[in-house]
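Have a look at the structure below, then the notes.
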Amino acid sequence: MKGEEEKRPVTKGTNAPPDNTNITENMKKIKHTIVVMSGKGGVGKSTVAANLAMALSKNGAKVGLLDIDIHGPNIPKMLGIEDELPIAEGNSIIPITSNGLKVMSMGFLLADKDTPVIWRGPMKTGVIRQFLGEVLWGELDYLIVDLPPGTGDEPLSIAQLIPGGTGAVIVTTPQEVSLLDSRKSVNFARALNMPVIGVVENMSGFTCPHCGKRTDLFKSGGGEKAAGEMGVPFLGRIPIDPSIVEKGDRGETFIDVRSESAKAFRGIVDHIEEIVEGI
């Protein structure tokens, strides 16, 4: 990408022979790796990943957040750190620290926010190797990995580079088209021997702030039904809440908001911690 090297001199070329030594050593320092997946885009996967990482950090854990949605990196915007620039220290990269979180994303490395990443699979795999092996994550209780939608290069690379990772959280919305794709994510994880921590049903109902009437805009209960049919845990529902959108656009998390959605999400985080500790 023209001009990218001048502004973002952190990464090296991606044509070097693969060497997983640094990745192995880095991962030894991380107790749990949780990948956040979705079968399709637009279900709130990055919102769940960012708020899960922040909630775990507020609970006292040491947490890293890795955004490997190479083509659509939204985590920097959601955390209000999109103008930050990682620095190199020898052959290593120091991640951005935000409210106690260690964060790394392709979004930090783009010359311009509107610059598209036009890469094929091998180049994406190369930068994922760097994020896992060259970023100084240090000792962590949790590394939360925000994957792009689907079951393509990035999820496959993570599964292969971190064999035996802790597990996957699948995010879906209640309507059938999303549930069909979320089932594929569950089967993807199983095919790669990755435990499924559970399914989160996002955008599950909306309660009118004026009349108090609940409306299921995208249906409700589909995520729980799919989880039951697939034999994986159901982690909970997150209602539609305008404050989630507002907070995300301002670069803030919503877990501390006094709302039904924030309360539901905190329950989901507790459920995830309980399941992860038992894996």
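The values are calculated or read from the model by the stated rules, or taken from the named source; none is laboratory data. Worth saying up front: this structure is predicted, and the values here are computed from it rather than measured. No Cβ is skipped: glycine too gets one built from the backbone with ideal geometry, and neighbour counts run over all protein chains shown.
Okay, residues lined up against (1) in contact with an Asp or Glu (Cβ under 6 Å, 6 or more places away or on another chain); (2) buried (at least 20 other Cβ atoms within 10 Å of the Cβ); (3) acidic (Asp, Glu); (4) under 26 Å from Lys31 (Cα atoms):
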{"residue": "Thr215", "(1), (2), (3), (4)": "no, no, no, no"}
{"residue": "Glu229", "(1), (2), (3), (4)": "no, no, yes, no"}
{"residue": "Pro233", "(1), (2), (3), (4)": "no, no, no, yes"}
{"residue": "Ser259", "(1), (2), (3), (4)": "yes, no, no, no"}
{"residue": "Ile275", "(1), (2), (3), (4)": "no, no, no, yes"}
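Only one entry of Thr115, Thr97 meets the criterion of being assigned to a strand (DSSP E or B) and surrounded by fewer than 18 Cβ atoms within 10 Å (Cβ to Cβ), and that entry is Thr97.
Of all residues in region 55-93, those that are within 28 Å of Thr151 (Cβ to Cβ), of a type in the set (Gly, Ala, Ser) and in a helix (DSSP H, G or I) total 1.
A quick yes/no check of all residues on (1) touching a residue at least 24 places away in the same chain (Cβ under 8 Å); (2) in contact with a Lys or Arg (Cβ under 6 Å, 6 or more places away or on another chain); (3) closer than 18 Å to Ser261 by Cβ; (4) part of a strand (DSSP E or B):
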position	(1), (2), (3), (4)
Thr125	yes, no, no, no
Gln130	yes, no, no, no
Asp141	yes, yes, no, yes
Ala159	yes, no, no, no
Val171	yes, yes, yes, yes
Arg183	yes, no, no, no
Arg190	no, no, no, no
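Can you confirm whether region 198-210 contains a residue that is among the polar types (S, T, N, Q), in a strand (DSSP E or B) and in contact with a strand residue (DSSP E or B) (Cβ under 7 Å, 6 or more places away or on another chain)?
Step one: filter region 198-210 for residues among the polar types (S, T, N, Q), giving 202, 204, 207.
With in a strand (DSSP E or B) added as a condition, the list becomes 202, 207.
From what is left, the residues that are in contact with a strand residue (DSSP E or B) (Cβ under 7 Å, 6 or more places away or on another chain) are 202, 207.
Yes: region 198-210 contains one or more residues that are among the polar types (S, T, N, Q), in a strand (DSSP E or B) and in contact with a strand residue (DSSP E or B) (Cβ under 7 Å, 6 or more places away or on another chain).
If only one of Ala227, Ala264, Ala191 is closer than 22 Å to Pro149 by Cα, touching a strand residue (DSSP E or B) at 6+ places or on another chain (Cβ under 7 Å) and either modelled with pLDDT under 90 or not basic (Lys, Arg) (or both), which one is it? Steps first, please.
Numbers: Ala264 fails: closer than 22 Å to Pro149 by Cα; Ala191 fails: touching a strand residue (DSSP E or B) at 6+ places or on another chain (Cβ under 7 Å).
Going through Ala227, Ala264, Ala191 in turn, the sole match is Ala227.
Only one of the listed residues (Phe254, Phe206) is at pLDDT below 85, more than 29 Å from Leu156 (Cβ to Cβ) and of a type in the set (Phe, Trp, Tyr). That residue is Phe206. Residues that are touching a Gly at 6+ places or on another chain (Cβ under 6 Å) and basic (Lys, Arg) do not occur anywhere in region 54-77.
Quick check on this structure: which one of Leu79, Leu56, Leu66, Leu85 is out of contact with any Asp or Glu (no Cβ under 9 Å at 6 or more places or on another chain), in contact (Cβ under 8 Å) with a residue 24 or more places away in the chain and hydrophobic (A, V, I, L, M, F, W, C)? First the steps, then the outcome.
Values: Leu79 fails: out of contact with any Asp or Glu (no Cβ under 9 Å at 6 or more places or on another chain); Leu56 fails: out of contact with any Asp or Glu (no Cβ under 9 Å at 6 or more places or on another chain); Leu66 fails: out of contact with any Asp or Glu (no Cβ under 9 Å at 6 or more places or on another chain).
Of Leu79, Leu56, Leu66, Leu85, the one residue that is out of contact with any Asp or Glu (no Cβ under 9 Å at 6 or more places or on another chain), in contact (Cβ under 8 Å) with a residue 24 or more places away in the chain and hydrophobic (A, V, I, L, M, F, W, C) is Leu85.
No other residue among Arg250, Arg266 is over 21 Å from Met37 (Cβ atoms), surrounded by fewer than 14 Cβ atoms within 10 Å (Cβ to Cβ) and in contact (Cβ under 8 Å) with a residue 60 or more places away in the chain apart from Arg250.
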